[in-house]
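Have a look at the structure below before the remarks.
The values are calculated or read from the model by the stated rules, or taken from the named source; none is laboratory data. All values derive from a computational prediction rather than experimental measurement. Note: ideal-geometry Cβ built from the backbone for every residue, glycine included; neighbour counts use all protein chains shown.
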Amino acid sequence: MLKKLMNSLATGLVALTFAAAVHAQTATPPARPQVVLLATGGTIAGAGATAANSASYQAAKVPVDKLIAGVPELAQVAQVRGEQVFQIASESFTNEHLLTLGKRVAALAKQPDVDGIVITHGTDTLEETAYFLNLTVHTDKPVVVVGSMRPSTAISADGALNLLNAVTTAAAKDSRGKGVLVVMNDEIHTGRDVSKSVNIKTEAFRSPWGPLGMVVEGKTYWFRAPVKRHTTGSEFDIEQIGALPAVSIAYGSGNADDTAYRAFAAKGAKAIIHAGTGNGSVAAPVVPALRELRAQGVQIVRSARVTAGGFVLRNAEQPDDQYDWVVSHDLNPQKARILTMVALARGADSKALQRMFMEY
Ligand code: DAS
């Protein structure tokens, strides 16, 4: 009797093991996250004449499907589909490019079959686009901007790993809700803080207050999270922005005069960002012109030309309250231009503009 029972137990065990094995074989693997890659050009799509050309090459040559095909490892991380939004070097980005790209990102982010978005972009103005999207696209899905310092044709090109790390970050659930991110050289930066600080090394992008995290061998590691308002917490909405006003940047230096400021205003600038020496200082010969332009309705924003981390304090170098000028806090001139444009597009006056510089 006992023997009979043992035999039927053994038979059942074998059948169970076999069924489990079959199930494991035929079980559908967990669905991979769906990531859309929006290609805009830049060095990551660049090509040089020889493998030794790491700095002289043509940007914006390789199409999006070849970018994806060039990194087969992407398929292990996510289901990636590509769109060629532009094919340009990013120094030629215009406000219209920003609006077109931003509206496409916002539309894709609403789609249930999109889990994350990666944007390949030239490095020259990558920081401006990343901040613009951080301010205006209302989604908590990961949006990751990535570029490269060397063309794919160069020895030790950095684009392929940057792209794999960007897709990894866009596919990672723990990237959600952190605003628009920039992934370069294994680091994850907030689009707000990061800027291209070196123009010849792969370690080119730096955030004065440090990166948020890293990507190492297909995994994201986080050390901090943004505290400034962004994406779903922003009062700016790409879908409500029709056009961006002209805002220009004038560079401060020794022997300064007011020519550039007056010329920008004559051309219709609604605001001028002063890229001041030190902590946003204004040379004496320039002050009268800025006061005159302010009186004519042009907003004046004092920023700083320093590259490793500026901090412009209100009423420190200039009587901003008396002159009704705005200070950019820790935003560099090119970021200050982006914020000022979206703020003026919403009709901000100088008081609202100053609030926005402290909150975003
Ligand atoms: N000209 C640069 C640009 O397109 C190339 C690059 O570094 O991406 O921004």
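Per the listing D174, D186, the residue uniquely more than 14 Å from the ligand (Cβ to nearest atom) and closer than 21 Å to T232 by Cα is D174.
Name every residue in segment 131-160 that is aliphatic (A, V, I, L, M) and touching a Lys or Arg at 6+ places or on another chain (Cβ under 8 Å), in order of residue number. Explain how you work it out, then say what you get.
Step one: filter segment 131-160 for residues aliphatic (A, V, I, L, M), giving 133, 135, 137, 143-146, 149, 154-155, 157, 160.
Hits for segment 131-160 are M149, A157.
What are the residues in segment 69-79 that are touching a helix residue (DSSP H, G or I) at 6+ places or on another chain (Cβ under 6 Å) and within 22 Å of T123 (Cα to Cα), if any? Once the filter is applied, which keeps residues that are touching a helix residue (DSSP H, G or I) at 6+ places or on another chain (Cβ under 6 Å) and within 22 Å of T123 (Cα to Cα), segment 69-79 yields V71, L74.
A154 meets each of the listed conditions (1) closer than 24 Å to K61 by Cα; (2) in contact with a strand residue (DSSP E or B) (Cβ under 6 Å, 6 or more places away or on another chain) apart from (2). Exactly one residue out of I119, I88 is surrounded by fewer than 21 Cβ atoms within 10 Å (Cβ to Cβ), among the β-branched types (V, I, T) and within 13 Å of the ligand (Cβ to nearest atom): that is I88. Considering (1) surrounded by 22 or more Cβ atoms within 10 Å (Cβ to Cβ); (2) over 22 Å from P72 (Cβ atoms), the lone condition that L163 does not fulfil carries the number (2). Across segment 122-138, which residue is farthest from L108 (Cα to Cα) among those that are surrounded by fewer than 24 Cβ atoms within 10 Å (Cβ to Cβ) and of a type in the set (D, E)? Only one residue tops the list, namely D124.
Here are some conditions: (1) touching a helix residue (DSSP H, G or I) at 6+ places or on another chain (Cβ under 6 Å); (2) crowded, with 19+ Cβ neighbours inside 10 Å; (3) outside any helix (DSSP H, G or I). R302 meets all but one. Which one does it not meet? R302 satisfies all of (1) touching a helix residue (DSSP H, G or I) at 6+ places or on another chain (Cβ under 6 Å); (2) crowded, with 19+ Cβ neighbours inside 10 Å; (3) outside any helix (DSSP H, G or I) except (1).
Residues in segment 49-59 that are within 12 Å of the ligand (Cβ to nearest atom) and either of a type in the set (S, T, N, Q) or surrounded by 21 or more Cβ atoms within 10 Å (Cβ to Cβ) (or both): S54, S56, Q58, A59.
If you check G218, G147, G177, G233 for being of a type outside the set (F, W, Y), more than 25 Å from Q79 (Cα to Cα) and either modelled with pLDDT of 95 or more or surrounded by fewer than 24 Cβ atoms within 10 Å (Cβ to Cβ) (or both), only one passes: G233. Taking segment 281-299 as the search range and keeping residues that are assigned to a loop (DSSP other than H, G, I, E, B) and either surrounded by 14 or more Cβ atoms within 10 Å (Cβ to Cβ) or among the β-branched types (V, I, T) (or both), which one is nearest to the chain's Cα centre (by Cα)? Applying the filter and picking the extreme gives V298.
Among the residues making up segment 205-222, those that are touching a residue at least 12 places away in the same chain (Cβ under 8 Å) and closer than 14 Å to S175 by Cα are P211, L212, G213, M214, V215, G218, K219, T220, W222.
Does segment 145-157 contain at least one residue that is in contact with a His (Cβ under 6 Å, 6 or more places away or on another chain) and within 11 Å of the ligand (Cβ to nearest atom)?
Taking segment 145-157 and keeping what is in contact with a His (Cβ under 6 Å, 6 or more places away or on another chain), we get 145, 147.
Next cut, within 11 Å of the ligand (Cβ to nearest atom) only: 147.
Within segment 145-157, one or more residues are in contact with a His (Cβ under 6 Å, 6 or more places away or on another chain) and within 11 Å of the ligand (Cβ to nearest atom).
Residue under question is E96, and the condition is that it be surrounded by fewer than 23 Cβ atoms within 10 Å (Cβ to Cβ) and of a type in the set (D, E); does it hold? Give the steps one after another, and end with the answer.
Numbers: surrounded by fewer than 23 Cβ atoms within 10 Å (Cβ to Cβ): yes; of a type in the set (D, E): yes.
Yes, satisfied.
Beta carbons closer than 6 Å, at least 6 apart along the sequence or on distinct chains, pair a first residue in segment 86-106 that is closer than 10 Å to T125 by Cα and of a type in the set (F, W, Y) with a second that is near the ligand (Cβ under 10 Å from one of its atoms) and not in a strand (DSSP E or B) for F93/T125.
Which one is modelled with the lowest pLDDT, of the residues in segment 294-324 that are among the aliphatic types (A, V, I, L, M) and over 17 Å from S253 (Cα atoms)? If you could, list the steps in order and put the result at the bottom.
Our first condition is that a residue be among the aliphatic types (A, V, I, L, M); within segment 294-324, this holds for 295, 298, 300-301, 304, 306, 308, 312-313, 316.
Filter once more, keeping what is over 17 Å from S253 (Cα atoms): 295, 298, 300, 308, 313, 316.
Details: A295: 98, V298: 98, I300: 99, A308: 87, L313: 97, A316: 95.
Taking the candidates together, the pick is A308.
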